[in-house]
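I have placed the structure first, in the form of structure tokens, so that the comments after it can refer back to it.
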Amino acid sequence: MKNKLTAEYRFFLSMPHNMRVLLITNMMYALVLPVVEIFMAAYIMRSFDDTSFVAIFQVAMYTGIIITSLTNGFLLKRFKVAHLYSFGILLSGIAMAGMMFVKDIALPGLIVSGTLIGAASGFFWTNRYLMALTSTADENRNYFFGLESFFFTVSNIAVPLVIGALLASIDGMQFMGITFDVYKGYRIVTLVVFLITILATYSLSRGRFENPVQKDFLYFRFDRLWNKQILLAALKGLVQGFLVTAPAMLIMKYVGQEGSLGLIQGISGGLTAILIYLLGRFTKPKHRITVFGFGITLFLIGTIVNGIELSMFGVMVFVLCKVFFQPLHDLAYYPIMMKVIDVVSKKENRNNYAYILNHEFGLYAGRVIGLGLFIFLAYAVSETFALRYALIIVAVLQMLSIPLAKNIMKESYAEKHEK
């Protein structure tokens with residue numbers, strides 16, 4: 001066992017320096033993401049007791065991502081990509097702290113907080129894509145995203161368990177004349193998150209990342225292959241909003257409190273983490289469609305069970321399928337996207353960031369449509385109806401991604417071969 005771990009560590013060390021630095025930084029930020037994604041939704045549910053407010057928060061957050069993704073393109077002309085990435089990490093901690101320390105947050109404050117956290121995410125994700133694109137090659141991207149997904153999956157198990165236990169144990173505790181409650185617990189968590197973001201920015205400073213040479217990044221007409229990729233991004237975005245909000249909403253409503261969040265996600269998370277690492281380590285580019293299709297099919301099964309049996313059992317099956325689906329989907333999706341950028345950026349002679357920015361617009365369109373569907377069904381019919389059927393609708397639509405991704409891969413490799 002020790003020899004195998006040593007061999008894996010040596011394999012990691014054989015990767016390019018910038019790739020290793022980025023992975024270590026993302027490993028640290030992986031400790032922050034579960035707090036943003038899961039417990040922010042749970043915090044809003046406690047404050048408003050209405051799942052539609054969680055969806056409104058998500059729309060504000062995704063709008064913030066678009067605003068800063070566009071702003072980031074201009075800033076890349078003057079600032080280093082690593083500095084902008086670090087700023088996004090720090091901003092996420094500041095935005096969370098601002099939200100947690102405001103008492104009796106109202107709807108306008110919720111929208112402002114969501115936009116700020118989205119702004120932080122915009123700086124984080126767009127610069128992460130850019131650095132990952134320049135630090136990796138098609139041959140090692142399965143490994144990069146497999147190892148990164150391994151970190152995120154392990155964090156999605158450990159962080160909710162630790163925070164859930166903290167929130168459950170701190171409620172009613174007295175220390176130095178202070179009576180603690182769940183809200184004070186959230187604030188302690190936020191402070192810890194902020195400290196981790198500082199460590200992550202220090203880690204990133206050890207890399208040597210270069211900005212795009214070409215400065216123009218805003219285009220509205222693209223190659224046909226990239227337009228297909230944008231459609232794939234919209235289908236991904238359609239489900240993505242639900243992946244952040246739905247588990248928290250369903251578990252808070254049908255299973256239990258925050259402690260249950262960690263317990264349920266932890267049941268399947270350990271196996272998923274190991275599976276994702278092995279897939280990233282040993283699969284080749286030709287295996288991406290198989291991984292992609294399996295993940296999407298699993299997600300559809302989970303939504304159907306949840307729709308038929310909207311209870312503790314149905315919710316648990318859905319969350320277990322979701323825990324498997326998300327890293328499987330990302331493991332295949334991002335290398336496919338980056339391969340397309342490799343091909344079309346050379347073909348059109350454009351800045352790589354032009355495609356990363358446009359990709360965010362594709363994701364945003366899908367996210368807004370998906371969350372808009374949920375809000376519409378919640379108000380037009382009922383919240384229960386929305387939780388039962390909105391997920392099934394987007395999961396069925398997501399199945400269209402499989403033949404589309406297969407066609408994109410075939411065309412992107414064919415164009416390379418022609419050159």
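The values are calculated or read from the model by the stated rules, or taken from the named source; none is laboratory data. Just so we're clear, the structure is a prediction, and the values are computed from it rather than from any experiment. When the accessible area is computed, the model is the full protein with side chains, heavy atoms only, and any ligands, DNA or RNA have been set aside. Shrake-Rupley method; radii C 1.70, N 1.55, O 1.52, S 1.80 Å.
Tabulated values for the structure
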read-out: Pairs beyond 20 Å (Cα-Cα), from LYS346/LYS410; LYS286/LYS347; LYS253/LYS322; LYS347/LYS410; LYS339/LYS406; LYS184/LYS253; value: LYS286/LYS347; LYS184/LYS253
read-out: Accessible-area ranking of MET61, MET28, MET173, MET19, largest first, probe 1.4 Å; value: MET173, MET28, MET61, MET19
